[in-house]
Amino acid sequence: MSRRPSLSDVAKRAEVSVSLVSRILSGDATVRARPETQQRVHEVAAELGYQPHGAARALRLSRAGALGLVVHEVSNPIHAEIIRGAQAAATAAGQVLLLSDAPELAANADAFAQLVGTGRIDGLMWQGSGEDYDDELVARAARQLPTVLVNSRPRAGVPALRLDDEAAARLAVEHLIELGHRHIAYVGGRPGADLTERRYAGYVGALRDHDLSVRPEWTVEREWDAPAGHAAMAQLLAADPRPTAVFVANVVVAVGALAAAREAGVAVPEQLSVIAVHDAWFVAHGAPPLTTVRLPLDRLGAEAVQRLLSGEAGPAPAGDPATERGIVLADPPPKLLVRGSTTRPEGMR
């Protein structure tokens, strides 16, 4: 192994979770694991030459007993799942989770300094969005305490965790293709954003796998909110020819897109199928209920906590793929939830 063995390496070899490895190797007397499992973990750790990271020991002995999570738009239902997973993992580890809003920290230097520089927290998770101020603040935080980016690629030398967005996009587009659609549009988020590009890559990959054309006039990227989805769908509905199906980058954008179709008198799914990445309780009760691809956002939050507590939040070694792409959480894989917003195109029903 060319890099320092991590808890994840031990967990993978021993076929158990990272959190269980952490608790066994730290001597947690309350851990519920069979003796043979605990022995296997110790043997694998010894075989790989795993050594506990100093940051992990510092966290266990810390005075604060709290972790920070910074998100963009605390009220966003997508971010709520990340928060839920992080909260559960922090509580299980005896830590308190402090939640902060990224735009407020960017606008208030004192608030940022109080969060990261006063011993209030022992580690920080930052939900990356690609805003200009993210890199600066994340780099400053990482110089003072263990820091990991969430749902992002590595930035400013800070390690990152993300989900398999390309696979989610492919799954969504494959569903439309299997229904018989050949004219499929894409509504993305902020142009140039990592997330937009990853989901666009999955969209393009699925089309090309089936020898379908990628039409520039059917690709619209605006922002990650419902008004942007509304404007994007209005633009697509004015196109000639008009697509028969639309893949939308996330459910918040899709809410606006569905509203635009409804206002234009375009029936979903009879005249236009719509599918989006991520799931939220309210889209299952829409008119029509929205077909989605669910990603394990809660596990993303939980894994970020585990990496902070295990001391795996240091910079990725040179030559490690994680340096460029981040750690991709591919398990569990994206899950297709078929509801009422997708069907076969007109003429095939």
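What ³J(HN,Hα) values, in whole Hz, does the Karplus curve 6.51 cos²θ - 1.76 cosθ + 1.60 give for the stretch 259-266 when θ = phi - 60°, with x put for Gly and Pro?
With the stated coefficients, the stretch 259-266 comes to 4, 5, 5, 4, 5, 8, x, 8 Hz.
For the chain, what mean projected area does the convex hull of the alpha carbons give, in nm²?
Answer in nm², one decimal: 19.0.
Fully extended, how many nm does the chain gain between K12 and E270 (0.36 nm per residue separation, minus their Cα-Cα distance)?
88.3 nm
Please find the FRET efficiency linking A238 to R344, where r is the Cβ-Cβ separation and R0 is fixed at 35 Å, and quote it to the nearest 0.05.
0.90
Tell me the per residue accessible area of the chain using a 1.4 Å probe; a whole number in Å² is fine.
Each residue of the chain exposes 45 Å² on average to a 1.4 Å probe.
For G123, which sequence-distant residues (separation of 5 or more, or a different chain) have an amide H within less than 5 Å of its own amide H, given hydrogens modelled in the peptide plane?
Answer set, sorted by chain and number: G68.
Test of the criteria: in the stretch 107-166, which GluC sites (Glu not before Pro) are in a DSSP loop and have at most 16 other Cβ atoms within 10 angstrom of their Cβ?
Within the stretch 107-166, the qualifying GluC sites (Glu not before Pro) (loop, at most 16 other Cβ atoms within 10 Å) are E131.
Report ³J(HN,Hα) in whole Hz for each residue of the stretch 69-75, in order, from the Karplus equation J = 6.51 cos²θ - 1.76 cosθ + 1.60 where θ = phi - 60°; Gly and Pro get x.
Values, residue by residue: 10, 10, 10, 9, 6, 4, 7 Hz.
Sequence-distant or interchain residues sharing an amide H contact under 5 Å with T219, placed H: which?
Y186
What's the magnitude of the charge dipole for the stretch 51-183 around its Cα centre, counting Lys and Arg as +1 and Asp and Glu as -1 at the beta-carbon? Answer in Debye, nearest 20.
In total the dipole reaches around 680 debye.
Sorting Y50, Y186 by accessible area (1.4 Å probe), largest first, what list results?
Of Y50, Y186, the descending order of accessible area is Y50, Y186.
Roughly how many percent of the accessible protein surface of the chain is carbon and sulfur, given a 1.4 Å probe and a whole-percent answer?
50
Residue by residue, what Karplus-based ³J(HN,Hα) values in Hz, rounded to whole numbers, does the stretch 107-124 have, using 6.51, -1.76 and 1.60 with θ = phi - 60° and x for Gly and Pro?
Values per residue, Gly and Pro as x: 8, 10, 4, 5, 5, 5, 4, 5, 6, 9, x, 10, x, 6, 10, 9, x, 10 Hz.
DSSP loop (so not H, G, I, E, B), at most 15 other Cβ within 10 Å: list which GluC sites (Glu not before Pro) in the stretch 202-309 pass both filters.
Filter output for the stretch 202-309: E270.
How large is the dipole of the chain about the Cα centre if only Lys and Arg carry +1 and Asp and Glu carry -1, each at its Cβ, rounded to the nearest 20 debye?
Using Cβ point charges on Lys, Arg, Asp and Glu, the chain gives about 820 debye.
Amide H to amide H, which residues 5 or more places from V246 or on other chains are under 5 Å from it, using H placed in the peptide plane?
For V246, the qualifying residues are A185, S273, V274, I275.
The values are calculated or read from the model by the stated rules, or taken from the named source; none is laboratory data. What you are looking at is a predicted structure, and each value in this text was computed from that prediction instead of being measured. Here the Cβ is made from the backbone with ideal geometry for all residues, glycine too, and neighbour counts use every protein chain on show. The accessibility values were calculated without ligands, DNA or RNA, using every heavy atom of the protein model including side chains. Shrake-Rupley method; radii C 1.70, N 1.55, O 1.52, S 1.80 Å.
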